[in-house]
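The values are calculated or read from the model by the stated rules, or taken from the named source; none is laboratory data. These figures come from a predicted structure and were not determined experimentally. Ideal geometry is used to build each Cβ from the backbone, glycine not excepted, and the neighbour counts take in all protein chains shown.
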Amino acid sequence: MSYPEVIAAERPAQQLQRTAVPRRLLMCRPRHFEVSYSINPWMHPEKPVDNSLAVLQWERLRELYLALGHSVEVIDPLPGLPDMVFAANGATVIDGKVLGARFRHLERTAEGPAYLAWFKQRGFDELLWPEYVNEGEGDYLAVGRRILAGTGFRTDQRSHYEAQEFFGLPVTSLTLVNPRHYHLDTALAVLSDTEIMYWPAAFTPGSQAVLRELYPNAVLASAADAAVFGLNAFSDGRNVLLPQSASGLIAQLRARGFHPHGVDLSELLKAGGSVKCCTLELRD
Ligand code: ARG
């Protein structure tokens, strides 16, 4: 157990001083959002989606980030790419280095170059167009100086080595087994440089053991909280933005001294995405 984890585990919540670190975020307004194809079990093209409600819910999320002191940049949404709102999938950015995304499904393929072009235009000069399929921060989550990497549904395991070489940071592979939790960020969230929360049943027994070994004091989600995408969360070290229906997680986070903010993104959930999926962190 590392020192900050000991503190987190042993001090009562009210004594815990959680510090928010302002972040630079990238988001994509869901102007062209719809569910016109199905590439995960949440997506039902026959069911209606309210685009203006999706935009409204997304605007509220963006405003909450701004109110909490974060900076939010936006990339222009492209027609014909309804899932482009899920900016987390657009790349992985650590130490100013940009690992481009190469999507598993044809429906999203064009998003990879679109996001990479934005980074080029914004002056990021260390960019890698990847050899292997990887869906950005959907499957790559940085916890301090370690990268947790998902595989099983989308990101090719060979990409994990590609990411390790590119970023020069240790990458830990984790295998997902539940198709409703097809990206790592649907089953695990980073709370601070040393703390995470996750739903064990989304992982193979071996990956569960790895997580127990690395994060013995992790917040464990219930099946009910995982099912409402409660783990698709963003944390600045103090404030945790997550789906409002994840009431168990909200209580657990509060008990650990975090400030949870419940968010309603019901329309985007119809495509299998929520808070974290809409948010890409630009780490300089
Ligand atoms: N419909 C999108 C897909 O299946 C949702 C992506 C959600 N993004 C995420 N970071 N989990 O690819």
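Okay, here's what the table says:
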| read-out | value |
| --- | --- |
| Residue list for the stretch 207-245, restricted to those being in a loop (DSSP other than H, G, I, E, B), under 19 Å from N178 (Cα atoms) and touching a Gly at 6+ places or on another chain (Cβ under 9 Å) | A221, S222, F229, G230, N232 |
| Scan of the stretch 254-280 for residues that are away from the ligand (no atom under 16 Å from the Cβ), surrounded by fewer than 24 Cβ atoms within 10 Å (Cβ to Cβ) and not small (G, A, S), ordered by number | R254, R256, H259, P260, H261, D264 |
| Filter pass, L249 being assigned to a helix (DSSP H, G or I), out of contact with any strand residue (DSSP E or B) (no Cβ under 9 Å at 6 or more places or on another chain), buried (at least 24 other Cβ atoms within 10 Å of the Cβ) and at pLDDT 95 or above | no |
| Only listed residue being modelled with pLDDT of 95 or more and under 23 Å from D83 (Cβ atoms), chosen from V240, V190 | V190 |
| Out of R154, R122, sole residue that is among the basic types (K, R) and within 13 Å of the ligand (Cβ to nearest atom) | R154 |
| Subset of the stretch 197-224 [more than 16 Å from the ligand (Cβ to nearest atom), within 22 Å of S247 (Cα to Cα) and touching a residue at least 24 places away in the same chain (Cβ under 8 Å)] | A201, N217, V219, S222, A223, A224 |
| E135 being among the charged types (D, E, K, R) and touching a strand residue (DSSP E or B) at 6+ places or on another chain (Cβ under 6 Å) | no |
| Inter-residue pairs, beta-carbon under 8 Å, first under 23 Å from T155 (Cα atoms) and in contact (Cβ under 8 Å) with a residue 40 or more places away in the chain and in the stretch 118-132, second buried (at least 17 other Cβ atoms within 10 Å of the Cβ) and of a type in the set (A, V, I, L, M), 6+ apart | W118/L26; W118/I75 |
| Residue ID - surrounded by the fewest Cβ atoms within 10 Å (Cβ to Cβ), chosen from residues in the stretch 71-108 that are under 17 Å from the mean Cα position of the chain (by Cα) and of a type in the set (D, E) | E73 |
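Residues checked against (1) within 16 Å of the ligand (Cβ to nearest atom); (2) more than 24 Å from D284 (Cα to Cα); (3) in contact with a Cys (Cβ under 6 Å, 6 or more places away or on another chain):
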residue: E135; (1), (2), (3): yes, no, no
residue: G138; (1), (2), (3): yes, no, no
residue: R146; (1), (2), (3): no, no, no
residue: G150; (1), (2), (3): yes, no, no
residue: S159; (1), (2), (3): yes, no, no
residue: Q164; (1), (2), (3): no, no, no
residue: G168; (1), (2), (3): no, no, no
residue: V171; (1), (2), (3): no, no, no
residue: L176; (1), (2), (3): yes, yes, no
